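**Q** Can you read through this structure? Questions will come right after.
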Amino acid sequence: MAKQIQFPKVFVGATYGRTFKSFREAIDDIPFQFAVAKDFLENVHLLEICKDLIGWADFCLFDVSTWNPNVTLELGLAHGMNKDYYILCNSRSSRTVPSDIKGIQRLSYSSYKTVSRRQVLAGSLWYQLCIQVGRKGKLLGSLWERFEDTPTGNRQRLYASRVLSSLRGGNALSVADLPGLRKGIGLNKDACNNTLKVLRQRNLINQSNRAIRMKRKLFPPSFKRKG
């Protein structure tokens, strides 16, 4: 099991409504190992499942945009278990924040869509999570800084993120699948090849004529798991 975990383990608390599919598609482009309670429904109380997953995780994400009671409960559980966590909030749909957690800093985003007109949206959930959690927490190491703060650089960051995310659990990525990963991003072949070159230089991947494989775990040297 430990051999398959390539990325930071993250428990996600979110409302399973009409926007959850878009929410999940956005976070799935981030090279973290995500778990949500609905994927682990068993013949036990949901609270026990959440407790186990929060204990399993390196840190947690809680989307409080609609202040769903279950998400609020999970947030309180993580706080009581002394787990690191980040609060997410969609600025376009959020409600009034309960007074007892009004002072807690929140990560605000405005769109589940990551790319529009071949431009990476700075207000997108993907971008904000990468820059506020992956970059600030150094969970993406110095990978973000390897690309320029330009429209092309941001597209390369997204492509690199998609490539690494496709390697979750130690899976190999077929070279033939690469064109599908750059679809909609607006990167030419040379820019994509340069992106893969950066991943190889960072000693993150091995690449052959047929496949790409993860070479090492995506953790900074100073990262320490809790629990």
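The values are calculated or read from the model by the stated rules, or taken from the named source; none is laboratory data. Keep in mind it's a predicted model, so treat the numbers as computed, not measured. So basically every Cβ, Gly included, is an ideal-geometry build from the backbone, and we count neighbours across all protein chains shown.
**Q** Every residue in the range 162-174 that is touching a residue at least 60 places away in the same chain (Cβ under 8 Å) and outside any loop (DSSP other than H, G, I, E, B), please.
**A** Once the filter is applied, which keeps residues that are touching a residue at least 60 places away in the same chain (Cβ under 8 Å) and outside any loop (DSSP other than H, G, I, E, B), the range 162-174 yields R162, L164, S165, R168, G169, G170.
**Q** Checking D177 against (1) of a type outside the set (K, R); (2) surrounded by fewer than 20 Cβ atoms within 10 Å (Cβ to Cβ); (3) outside any helix (DSSP H, G or I), which test does it fail?
**A** So D177 meets the others, but not (3).
**Q** I've got another one for you. Answer yes or no as to whether L53 is in contact (Cβ under 8 Å) with a residue 12 or more places away in the chain and over 20 Å from K9 (Cβ atoms).
**A** no
**Q** Among the residues of the range 25-44, what is the count of those that are at pLDDT below 90, within 30 Å of A160 (Cα to Cα) and out of contact with any helix residue (DSSP H, G or I) (no Cβ under 8 Å at 6 or more places or on another chain)?
**A** Summing the residues that are at pLDDT below 90, within 30 Å of A160 (Cα to Cα) and out of contact with any helix residue (DSSP H, G or I) (no Cβ under 8 Å at 6 or more places or on another chain) in the range 25-44 gives 2.
**Q** Here's another thing I want to ask about it. Scan the range 143-161 for residues that are over 14 Å from W126 (Cα atoms) and without any contact (Cβ under 8 Å) to a residue 40 or more places away in the chain and jot them down.
**A** Result: E145, E148, D149, T150, P151, T152, G153.
**Q** Is there any pair with a first residue in the range 176-190 that is under 18 Å from Y127 (Cα atoms) and a second that is part of a helix (DSSP H, G or I) and among the aromatic types (F, W, Y) whose Cβ atoms are under 9 Å apart and which are 6 or more apart or on different chains, and what are they?
**A** L181/Y159; R182/Y159; I185/Y159; L187/Y159
**Q** So which residues in the range 113-142 are among the charged types (D, E, K, R) and over 17 Å from Y159 (Cβ atoms)?
**A** Across the range 113-142, the qualifying residues are K136, K138.
**Q** Right, something else. Scan the range 123-136 and tell me whether some residue there is more than 27 Å from D63 (Cβ to Cβ) and either of a type in the set (D, E, K, R) or in contact (Cβ under 8 Å) with a residue 60 or more places away in the chain (or both).
**A** no
**Q** Has the range 174-183 got at least one residue that is of a type in the set (S, T, Y) and under 16 Å from L158 (Cβ atoms)?
**A** no
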